[in-house]
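Each value in this text was obtained by applying a stated rule to the coordinates, not by laboratory testing. Every value quoted in this text rests on a predicted model; they were computed, and no experiment measured them. Because the Cβ atoms are built from the backbone with ideal geometry, glycine has one as well, and the counts that use them run over all protein chains shown.
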Amino acid sequence: MILRYTLKERIVHWVAGFVYVYLLLTGLAFYTPKLYWLAVALGGGTTSREWHPWAGLVFVAATVFMYRMWAADMRITDADREWSRAIGRYVRNEDAHLPPVGRYNAGQKYFFWLMFLGGALLLISGVAMWFTASIPWSLRWLRHAAVLVHVSAGLATIGGFIIHVYMGTAVVRGGFTSIVRGEVSEEWARTHHRMWKR
Ligand code: HEM
């Protein structure tokens, strides 16, 4: 077996994971009255509205930790662009015919940057919505812009999140065990991340 994720990496990942799910559910409750029952199920509208921004700060802190741990491995290279062009093979599960991959493939790297940039936009727009009363009415376009940016960044990260969970649990077998127990088999490493294995 080979160590893929240290304990610290796994703890940071799962703090981000659980907090993101809470933000997703409460955020959807605020997004449309049709999903308001989610806030009721999570302790009520007032409680959800109180905790949502604080949970947002925890999520951003976890994302900053992820940046410090993984940003160096997430740089997009020419090899990633080559891998992206051959993505059809990845979809057909023909990993052996793909250009060799380092610790992360291009899809994982794009997801990382989507969550990082999305997190930054959610933070800026979220703080503006948290302290709306402090924004003077003459700058009301800022209030409207905050809502638009928050919803757009939220929806973009939800799209990435759905693909990430699907890939990590249903498509790439062994990936989920690695982010829970930390280890992968040599065979798994050779198949999915040949350069990293070497
Ligand atoms: C809550 C449900 C989640 C599940 C089931 C899940 C699953 C996984 C799995 C299986 C891996 C290991 C993939 C591998 O090394 O091959 C992983 C890695 C990773 N996760 Fe998650 N994750 C979740 C939430 C999140 C969230 C909310 C973020 C947002 C910041 C995130 C960010 C990452 C990143 C950046 C990696 C490393 C690169 C990658 O594999 O994409 N995860 N996750």
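Some notes on this structure:
- Given charges at beta-carbon only (K, R positive; D, E negative), |dipole| of the chain in Debye: 120 debye
- Segment 2-197: relative contact order as a whole-number percent, Cα under 8 Å and 6+ apart: 28 percent
- Residue order, fewest to most beta carbons within 10 Å, for 172, 180: 180, 172
- Span-like helix ranges in the chain, DSSP H, alpha carbon extent 18 angstrom or more, Kyte mean at least 1.0: 7-31, 106-130, 140-166
- Here the sum of -39500 (n - 2.57) over DSSP H runs of 4 or more residues, divided by the residues of the chain, equals -23000 deg cm²/dmol at 222 nm, to the nearest 500.
- Ordering 46, 157, 169 by the number of other Cβ atoms within 10 Å of each residue's own Cβ, fewest first, gives 46, 169, 157.
- Other residues within the sphere of radius under 13 Å centred on the Cβ of residue 3, judged by their own Cβ, net out at +3 (K and R +1, D and E -1).
- The distance between label points at residue 41 and residue 64 comes to 3.3 nm (points 7 Å beyond Cα on the Cα→Cβ vector).
- Each Lys or Arg adds one and each Asp or Glu subtracts one; over the other residues with Cβ under 15 Å from the Cβ of residue 126, this totals +1.
- Label point distance in nm, residue 185-residue 92, each placed 7 Å from Cα along Cα→Cβ: 2.5 nm
- Given charges at Cβ of Lys, Arg, Asp, Glu: segment 83-198 dipole, positive-most of 106, 163, 122: 106
- Three semi-axes of the equivalent ellipsoid, segment 107-198, Cα gyration tensor, whole Å, largest first: 40, 11, 10
- Dimensionless Rg ratio for the chain, taking C-alpha atoms and the 2.2 N^0.38 Å reference: 1.17
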